[in-house]
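Throughout, read-outs are computed from the coordinates displayed, never taken from laboratory work. Keep in mind that what you see is a predicted model, and the values were worked out from it rather than measured. Reconstructed Cβ throughout: ideal geometry from the backbone, glycine too, with neighbour counts over all protein chains shown.
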Amino acid sequence: MRKLLITIVSRDRPGIIHEVSRVLADHQCSVLEVSQTTLLGEFAGLFSCAMPDDTDIGQFTETIGRALEGSGLAHWVTDSANEETKPAAPQEPYVVTLRGRDRMGVIPVFSGAIAGFDVNIDNLRAVSVANEHEDNQVVMFFELSVPKEVNKRAFRQALSLMAEELGIEMSLQHRDIFEAIHRL
């Protein structure tokens, strides 16, 4: 099977997931994974799909375009068969949680430190909450894939130092521990 990534961007409204998945199924495209979010009324979705190896991607892209015409859904089709993939090094899932006063630069500071250890950010959720009695507060969750060879102690120390300098709370936990704690 040939793997494709379908990207959809649009003004948010009910039924987008249904509409896109229906069009894909109607064109023999099996959805393997979906990740979607909305921010400020805008929808962004990623659909990982599988199709027969002999699929003409150009023709498929045109067909999907015609099927979505008039829907307001912008779309891109990426053929992963053209992407060179090397086997990933063994990794472990971790979660970094940040809490504190919202300030400019928190995301670039932490994402830069994370990248400096060759760690990938798989998912990031940041929410700023206005508080009438104090400065705005922010909560961030970075879901990470940490290569097993990364020195976890040095990684934790680097993130802790940055959090201290910014005056925010930081927690780094293996995802299994994070999920166990938050299940209680």
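If you fit an axis through the alpha-carbon atoms of helix 106-116 and take the longest principal axis of the Cα set of the chain, what angle between them do you get, 0 to 90°, nearest 10? Taking Cα atoms only, the helix is inclined about 80 degrees.
Between helix 152-166 and the chain, what is the angle of the helix's C-alpha long axis to the longest principal axis, kept within 0 to 90° and rounded to the nearest 10? The two axes meet at around 70 degrees. Counting 0.36 nm for each residue step from Arg103 to Ser145 and taking away their Cα separation leaves a gain of 12.5 nm. Relative to the Cα centre, the charge distribution of the chain, modelled as +1 at Lys and Arg Cβ and -1 at Asp and Glu Cβ, gives a dipole magnitude of about 380 debye. Dipole orientation for the stretch 16-145: of the candidates Phe110, Val138, Val20, Val138 has the Cα lying most toward the positive pole (charges on Cβ; Lys, Arg +1; Asp, Glu -1).
Overall, the stretch 93-176 carries a charge dipole of about 280 debye about its Cα centre when +1 sits on the Cβ of Lys and Arg and -1 on the Cβ of Asp and Glu, all other atoms neutral. Distance from the alpha carbon centroid of the stretch 1-76 to that of the stretch 103-167 works out to 32 angstrom.
In the chain, a dipole from Cβ-located charges (positive for Lys and Arg, negative for Asp and Glu) runs towards its positive end, and of Leu166, Ser71, Pro147 it is Leu166 whose Cα lies farthest in that direction. Here the Kirkwood formula, the inverse mean of 1/r across different C-alpha pairs, assigns the stretch 2-82 a hydrodynamic radius of 12.8 Å.
Calculation over all alpha carbon pairs of the chain in 10 angstrom steps from 0 returns a P(r) of 8, 27, 26, 25, 12, 1, 0 percent.
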